[in-house]
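What follows is a set of notes on a single structure, which appears directly below.
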Amino acid sequence: YFSVDLKSAYSSKIQDYVRTFCFLNLNNPQTPAVLIVLDNMTTARPEFKKYWQVNTLNQPEKTTDGVILKNSALGMSGKVNVRMLLPKPNERQMEILGGEDAYSVFGQKFTPPDVTKPEGKGYRVMFSPRTAQAGDVFLTVMPMTDDAAPELPVTLSEAPGIFVLALADRMVVLSKSGKLIEKSFQVNVASGKDCQLLLAGLTPGAWSIRSQDGKTQFNAKVEAGKNTAFFLVPGGSYTVQPEAISGAPEFQVAQDFMPVLNK
């Protein structure tokens, strides 16, 4: 996980821009990993249009949520399902640019260094909000799978100051603004097997989690520069707060809990 202020990389047209990035190792052969990208951008004037872009070598396949990017080599194949959760489909527009249009930036054309290579014949996919406004949020989930993998269900819920994403056996909490979370909030975990809960973007210091019935209570120390807390919890309603619970243990996972990344 990381979150970075990118305002200084742009002109004065950008008033504020924070990109938050989270990688999940799902330890699943068919769907081994997921990328979550959250872009929170404010322009100096509403008429300055914003674009979220992804490049690909092969022609992308349109979906309701975005596009599927595919590739194959050496007898292996895979895909990335680019699922844009925000802006919602009716609040955004999408362009797929190929051929010479892929190397034209608002009317100015560029020539690839070597047009004979795959990189010289790629595609650009551009998402943009339909309504002009100063502040926009792009929230995108990108499962990486093999061709035969079923679609990974993803749900998004919101609470004051936070986004909550649920997928596979994971829940991820992100700051809506990209700024560090300083206040208490609620998280509802679906009943069933234990859920891996990642809280990202927390202000450094003591934090804790407590279930509504009081049966689950843990403390966590959030380090500066990491700004995350992790818990393994059963289903239920939880309060997360920036203070320790007296007498509660600090959450620990088994030494072999982290799945091994294949080389």
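The values are calculated or read from the model by the stated rules, or taken from the named source; none is laboratory data. Keep in mind that what you see is a predicted model, and the values were worked out from it rather than measured. FYI the Cβ positions are ideal-geometry reconstructions off the backbone, even for glycines, and counts take in every protein chain you see. Surface accessibility is based on the protein's heavy atoms, side chains included, excluding ligands, DNA and RNA. Shrake-Rupley method; radii C 1.70, N 1.55, O 1.52, S 1.80 Å.
Against the set (i) 19.5; (ii) 21.1; (iii) 20.5, the structure's computed Kirkwood radius over Cα pairs in Å falls on (iii). Rounded to the nearest angstrom and listed largest first, the equivalent-ellipsoid semi-axes of the stretch 33-75 from its Cα gyration tensor are 30, 13, 10.
Placing dummy labels 7 Å off each Cα toward the beta-carbon, the span from Glu243 to Met76 is 5.1 nm. Residue separation of Asp114 and Leu156 scaled by 0.36 nm, minus their Cα-Cα distance, works out to 10.9 nm of gained length.
Take each peptide in 211-221, 28-38, count the other Cβ atoms within 10 Å of every residue, and average; sorted highest first, the result is 28-38, 211-221.
Summary of packing: across the peptides 67-77, 4-14, 164-174, the per-residue average of other C-beta atoms within 10 Å ranks them, highest first, as 164-174, 67-77, 4-14. Rounded to whole numbers, the Karplus 3J(HN,Hα) couplings from phi for the stretch 191-202 are 5, x, 6, 4, 10, 7, 10, 10, 9, 10, x, 7 Hz, using 6.51 cos²θ - 1.76 cosθ + 1.60 with θ = phi - 60°, and x at Gly and Pro. If you average the alpha carbon positions of the stretch 147-223 and of the stretch 8-63, how far apart do those two centres end up, in angstrom? Value for the Cα centre distance between the two parts: 21 Å. Note: relative contact order over the stretch 192-263, using C-alpha pairs below 8 Å and six or more positions apart, is 37 percent. When the P(r) of the stretch 193-247 is calculated, the portion above 12 Å amounts to 63% of the C-alpha pairs. For the stretch 95-156, the alpha carbon positions stretch 41, 40, 14 Å along the principal axes, listed from largest to smallest.
Rounded if a/c is under 1.5, else prolate if a/b beats b/c, else oblate: with a ≥ b ≥ c from the C-alpha gyration tensor eigenvalues square-rooted, which is the stretch 1-86? Prolate. Here the extension length gained between Leu180 and Thr63 equals 38.8 nm, from 0.36 nm per residue of separation less the Cα-Cα distance. Between Lys226 and Leu35, the contour length at 0.36 nm per residue exceeds the Cα-Cα span by 67.0 nm.
Dividing the radius of gyration of the alpha carbons in the stretch 98-238 by their Kirkwood radius gives 1.12 for Rg/Rh. A probe of 1.4 angstrom, applied to the heavy atoms of all protein chains, finds Met142 with accessible area near 20 square angstrom.
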